[in-house]
Every structure is written in structure tokens, then in C-alpha cells.
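Colleague: Let me give you the structure first, and then I'll get to my questions.
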Amino acid sequence: MIAHDYIVLDLETQRSIQEVGGRSQFHKLGVSIAVIYDSTIDTTEVYREERISELIRRLQNAEQIVGFNVLHFDYPVLSGYGAVDWQKLPTIDLMRHIIGSLGFRLSLDNLARSTLNVQKSATGLQAIQW
């Protein structure tokens, strides 16, 4: 169940998994941009790399964090910026719930097409190029 006050998190990286040496190196990807929606103040906020410490403080103080694959992607990427026990943050990872319900992974694009009849406007690799 989602708390009354929650933050929705998504981020894009500076480098690709291939550039940093594979999936065990998420902490080296670097954040190009992170965006949160904060339900408490009904606003969206953008964080570039120079403000990541501020973002991390916001996440640590959040009543609830919601994301898509946040436990296995966003948090490991953010781990490159500080020693935080990411697994202890109050997190709802939509990917984990999808796998638990369906028994397999879905891409965010497939999920958006199936549930909202919209598609993603770009990929993570395109975001790196930009």
C-alpha cells in the first residue's frame, strides 16, 4: 500500500552498462538526471549530478518511495554517490510486484502500452546520447 506522502523516482545515467564493465558496475554509471514527483507538495523536481546529495537526503526522509526497478537499478546507480543502506528505505518497486504477479519481467514500455496505451518517448541509451 502506498503511503499518503510519497516520492516517485526515476533517473537516467551518464554511461551505458557496456562502458562501465557490466551489470556489477552500476555504481559507475553516474547520474545524468534524476526526477522525482513529491506528492506532499504536488510537484516534480529535477536533479542533475551536482545536486545528487540533495536528492539522496530527500529519499532518506521520504515516507515512501515508488519506482520501476528502483531496487535493482536506480539505487545501485545512486550507491556510487554515498554509503546509504538503500534496502532499508521504504520502497515500492513496481518491477518486483510485476515479477511477483506474472512470474516474469516486463519492460516499462510494455507496461505503459498495456495499461495506459502510451509508449515511452525514448530509451536509456538515447538519454545518454542527449
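Read-outs throughout are calculated quantities, based only on the coordinates presented, and are distinct from any laboratory measurement. Nothing here was measured: the structure is a model prediction, and the numbers come from that model.
Colleague: For the range 1-76, what percent of Cα pairs sit more than 18 Å apart?
Modeller: Distances greater than 18 Å cover 39 percent of the Cα pairs.
Colleague: When you take every Cα atom in the range 34-99, what is the radius of gyration, and what is Dmax, the widest Cα pair distance, in Å?
Modeller: When restricted to the Cα atoms of the range 34-99, Rg and Dmax are 11.6, 34 Å.
Colleague: Can you pull the Kirkwood radius for the chain, inverse mean 1/r over Cα pairs, to one decimal in Å?
Modeller: 15.4 Å
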